[in-house]
């Protein structure tokens, strides 16, 4: 079931290798490669492709980002509007993440945006990701990118994401293999990058060195902000890999780099352009550089990696799989042997590849070397392609909606039925249309009224939709604490700290639980731990002062309150405790 096609090109390491996946937002195949129309603005990626394994006829599965992770890391079907769009109703499935987790890999996902986008957090949660670092994990020492409209910002720049990631990576056990996944951000409209003038100057210098003809120069200069952002993105990846070179087990690391789709602002030359992306495997384990001119897709990535790991590192993998694709084609010469549908956006599945034929809506083409398209006028063949696409659409709908990707798992089915019953009950109550925030606000009202069971039901739905909605999980933990179930309350809070150690209210709850149990030393300890991550937080300062007072350290408590009231002179609990100390 697992064929190793990478073995001839990679040395075998002593230990299972670290795997670093870098999905590059917007990086189309027209930007990387000797024959690429807009080559010359990815000097670092060019150095990797020329010293690693490079596929120059590679294809992503969509013209947008929503399909990149489930297809690259799970070889999964699309569902009606994208696999992740199914949220907590997505069918039981496997992925590179879940299977490597089962083989003692540590798995992490690193990005600078909110992981709620496209319900990425729900997908990663379902696959048991060990560490999810997103925009909520940055400290005040980092600045978000410039705002676009109405205060909205995409998040943190790539350099900052990579820098912040090592804060977490460096605390992990380096003897344990890792899967580190990055999703870049800056090569995306409106192409906001740090120090833009520097990169615009770099663009001009490189353009002069490249010396294109007048027409190409005019085209480059029309999109100078795009190419400046591309240079920045490339340099950030250089910084990332340079940092890995300083870490243990770099010699046993595989870097998997792919564009997620081709950006839209520069016009597409053909109907296949949006899907054409570069794919690179670079590693100290590569025996010799090689360029593959054969066509493969994102759906081939996970089966290929698992085949190599299974053959060479004794990974334990299931006999039956649901992969949409087989292994990658390693032919050096141009050819197209795969059969695969594509999802242009969340509402359109009208593109289909059968070997070297490509159906794009109502037009049929032949794929040519260089990822060109030649029109094919064959009505019978075109109708056959349309029938095959319709057949896939029907199967895609069935296996995802009816949970038929994997053989029935009794525990999964029981949990699925329980969740469906809860959702049906919430809908009957008239709350089915509420989003996560609305569910949280309603649950808070019910909890304050002492209706803990209904509050937990609503919070469970909110957390299925948004697993890292920490306010909701804190409220859930408090309902257990108010009910006297301190152990369950603490378990919920420990889960928050595992997800994001900076979230201050976790430590507030732990401090409160210890206070309610009369354990003032632990109440103080939890407040102090929270202040390490949130210095100056008034809620934690109050709990620290309260614990100090209850431990008989009145003078120290007074000093803590003085500092607190300088920050928030109207803090009611602090004023009340201060008055009690004075009396």
Next on the checklist: Just to be sure before I move on: is residue 228 within 29 Å of residue 199 (Cβ to Cβ), touching a residue at least 24 places away in the same chain (Cβ under 8 Å) and either surrounded by fewer than 16 Cβ atoms within 10 Å (Cβ to Cβ) or more than 21 Å from the chain's Cα centre (by Cα) (or both) in the structure I sent?
Outcome noted: yes
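Each row is one residue, and each column tells you yes or no for (1) out of contact with any strand residue (DSSP E or B) (no Cβ under 8 Å at 6 or more places or on another chain); (2) at pLDDT 95 or above.
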residue	(1), (2)
293	no, yes
306	yes, yes
314	yes, no
320	yes, no
325	no, yes
332	no, yes
336	no, yes
339	no, yes
Checklist entry - within 24 Å of residue 284 (Cα to Cα), assigned by TED's automatic domain parsing to the domain that holds residue 23 and either touching a residue at least 12 places away in the same chain (Cβ under 8 Å) or in a helix (DSSP H, G or I) (or both) - does that describe any residue in the stretch 184-194? => result yes
Checklist entry - Given the structure, is residue 175 surrounded by fewer than 23 Cβ atoms within 10 Å (Cβ to Cβ) and out of contact with any strand residue (DSSP E or B) (no Cβ under 6 Å at 6 or more places or on another chain)? => result yes
Checklist outcome for this item: Apart from one, (1) over 26 Å from residue 168 (Cα atoms); (2) not assigned by TED's automatic domain parsing to the domain that holds residue 422 all hold for residue 451; the odd one out is (2)
Item to check | Condition check for residue 204: in the same structural domain as residue 361 (by TED's automatic domain parsing), surrounded by fewer than 23 Cβ atoms within 10 Å (Cβ to Cβ) and free of Cβ contacts under 8 Å to residues at least 24 places away in the same chain | outcome: yes
Checklist outcome for this item: Of the residues in the stretch 431-468 that are closer than 17 Å to residue 491 by Cβ and under 24 Å from the mean Cα position of the chain (by Cα), the one that is surrounded by the most Cβ atoms within 10 Å (Cβ to Cβ) is 459
Checklist entry - Does residue 142 satisfy being buried (at least 23 other Cβ atoms within 10 Å of the Cβ) and in the same structural domain as residue 257 (by TED's automatic domain parsing)? => result no
Checklist outcome for this item: Given the conditions (1) farther than 18 Å from residue 139 by Cβ; (2) surrounded by 21 or more Cβ atoms within 10 Å (Cβ to Cβ), every one holds for residue 578 apart from (2)
Checklist entry - Are any of the residues in the stretch 259-271 more than 30 Å from residue 175 (Cα to Cα) and either in a helix (DSSP H, G or I) or free of Cβ contacts under 8 Å to residues at least 12 places away in the same chain (or both)? => result yes
Checklist outcome for this item: When restricted to 562, 554, the only residue without any contact (Cβ under 8 Å) to a residue 12 or more places away in the chain and either more than 21 Å from residue 509 (Cα to Cα) or in contact with a strand residue (DSSP E or B) (Cβ under 6 Å, 6 or more places away or on another chain) (or both) is 562
Item to check | Matching residues, the stretch 451-485, being on the phi > 0 side of the Ramachandran plot and in contact with a helix residue (DSSP H, G or I) (Cβ under 6 Å, 6 or more places away or on another chain) | outcome: none
Checklist entry - If a residue has to be under 40 Å from the mean Cα position of the chain (by Cα) and buried (at least 18 other Cβ atoms within 10 Å of the Cβ) to count, how many in the stretch 548-575 make the cut? => result 2
Next on the checklist: As an exercise: evaluate residue 314 against (1) touching a residue at least 12 places away in the same chain (Cβ under 8 Å); (2) out of contact with any helix residue (DSSP H, G or I) (no Cβ under 6 Å at 6 or more places or on another chain) and give the number of the one condition it does not meet.
Outcome noted: (1)
Item to check | Complete set of residues in the stretch 95-117 that are part of a helix (DSSP H, G or I) and buried (at least 20 other Cβ atoms within 10 Å of the Cβ) | outcome: 96, 97, 99, 100
Checklist outcome for this item: Scanning the stretch 195-216 residue by residue, the ones that are assigned to a helix (DSSP H, G or I) and over 15 Å from residue 31 (Cα atoms) total 13
Checklist entry - Yes or no: residue 343 surrounded by 16 or more Cβ atoms within 10 Å (Cβ to Cβ), more than 22 Å from residue 305 (Cβ to Cβ) and under 31 Å from the mean Cα position of the chain (by Cα)? => result yes
Checklist entry - Any residue in the stretch 75-92 that is surrounded by 24 or more Cβ atoms within 10 Å (Cβ to Cβ) and assigned to a strand (DSSP E or B)? => result no
Checklist outcome for this item: Checked 121, 180 against criteria (touching a strand residue (DSSP E or B) at 6+ places or on another chain (Cβ under 8 Å), in a helix (DSSP H, G or I) and surrounded by 15 or more Cβ atoms within 10 Å (Cβ to Cβ)); the one match is 121
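The values are calculated or read from the model by the stated rules, or taken from the named source; none is laboratory data. All figures in this text were calculated on a predicted structure; none of them were measured in a lab. Backbone-built Cβ (ideal geometry, glycine too); neighbour counts: all protein chains shown.
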